[in-house]
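What follows is a short report on a single structure.
The values are calculated or read from the model by the stated rules, or taken from the named source; none is laboratory data. Fair warning: this is a prediction, and the values are worked out from it, not measured in the lab. Reconstructed Cβ throughout: ideal geometry from the backbone, glycine too, with neighbour counts over all protein chains shown.
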Amino acid sequence: MADLTPSDDSAAVALPGRRQVLLATCGIVLTSAVAACSQPAGQPGQSRSAGSAVLPRPAQSAGPPKPARPVIPRQRQNRPRLARREGPVPAQRGIAAHRSPAGPAYPVDRPLYYIRDTSTAIALTIDDGPDPVYTPQVLRLLHKYQVTATFSMIGIHVAAYPHLARAVAEAGHAIANHTWTHACLAGLPAPVVHDELAQASRAIRAAAGVQPRLFRAPYGAWSAEVIKLCGQMSMVPLDWSVDPRDWTRPGVRSIVRTIMTNTRPGSIILEHDGGGNRSQTVAALRIVLPRLLHEGYHFQKP
């Protein structure tokens, strides 16, 4: 695994706290956007202003029912397999789709809340990094349990800690575009939205040598304009279906309970490695990763 020690000059970089990015660094005034994204970071994008045209998101409990865990004889050593289920987001005729080299086609006219499950696949997404304290801890856990994940990275953090973005890519994980400044995109002019996406992609490409093919909107604030730009920039709009609200630091037990209760085949789990103290997130991952693997799930990138 690549060296994860922060570079000598990283301490001189002024980074935002508590997911509130200093938008002044880009010279952008986002008063209307802040009003549109009135919810704290990480919450589902439903309570928006009437004019923001934010797309609704499904309830967290939506999706296929969770299969009952099979009873396994003590002498059996093989990991249990969950019932085979068809995923909730199949590609549809007449809808533009994105196809990854090793994965299924996905519609790009709406956010992706579930992966197209073919057996027991789920996806783990880690947002708001890279962070010099918590990203290395998350990477070590993923390596220990041989789990692949998708890291939704903020461009200015990538620029500050390029060695961490490179370490994520070298470990085999995917990197998604999470805008340059973690700006709420609802109600912003198209050129501003384009710059947020384009600057982040350039930073990720420069640091990690990969072109992001996934985009996650901050705050889950999707609009028709954002979806359109994702298509133009060849990125799949990636949302989530299981949100333990770890950014609120509700306690390790709460995070674990939410994930274990709501995860189903095809679920996309939301967690965070940046934006504040993420010690509870790391502690919860230390518990849920082996539990989910024991239940027969396997992790894949969307």
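For R286, the stated conditions hold: it is surrounded by fewer than 23 Cβ atoms within 10 Å (Cβ to Cβ), in contact with a Leu (Cβ under 8 Å, 6 or more places away or on another chain), over 18 Å from D127 (Cβ atoms) and charged (D, E, K, R). Scanning segment 212-248 for residues that are under 19 Å from L124 (Cβ atoms) and among the charged types (D, E, K, R) turns up R213, R216, D239, D243, R245, D246. Taking W222 as meeting all but one of (1) touching a residue at least 60 places away in the same chain (Cβ under 8 Å); (2) in contact with a strand residue (DSSP E or B) (Cβ under 7 Å, 6 or more places away or on another chain); (3) closer than 18 Å to T135 by Cα, write down the number of the exception. Checking W222 against (1) touching a residue at least 60 places away in the same chain (Cβ under 8 Å); (2) in contact with a strand residue (DSSP E or B) (Cβ under 7 Å, 6 or more places away or on another chain); (3) closer than 18 Å to T135 by Cα, the one that fails is (3). For segment 168-196, filtered to residues that are surrounded by 21 or more Cβ atoms within 10 Å (Cβ to Cβ) and in a helix (DSSP H, G or I), the residue that is modelled with the lowest pLDDT is V193. Close contacts from segment 260-273, counting a first residue that is part of a helix (DSSP H, G or I) and at pLDDT 95 or above and a second that is basic (K, R) and surrounded by fewer than 24 Cβ atoms within 10 Å (Cβ to Cβ), with Cβ to Cβ under 9 Å and a gap of 6+ residues or different chains, come to M260/R291; T261/K66; N262/K66. Taken over segment 143-156, the residue count meeting the criterion of being part of a helix (DSSP H, G or I) and within 15 Å of the chain's Cα centre (by Cα) is 1. When segment 197-217 is limited to residues that are in contact with a Leu (Cβ under 7 Å, 6 or more places away or on another chain) and in contact (Cβ under 8 Å) with a residue 60 or more places away in the chain, the one that is farthest from R245 (Cα to Cα) turns out to be L214.
Condition check: under 15 Å from the mean Cα position of the chain (by Cα) and touching a residue at least 60 places away in the same chain (Cβ under 8 Å). Does G296 satisfy that?
Details: under 15 Å from the mean Cα position of the chain (by Cα): no; touching a residue at least 60 places away in the same chain (Cβ under 8 Å): yes.
Taking the combined requirement at face value, the residue does not satisfy it.
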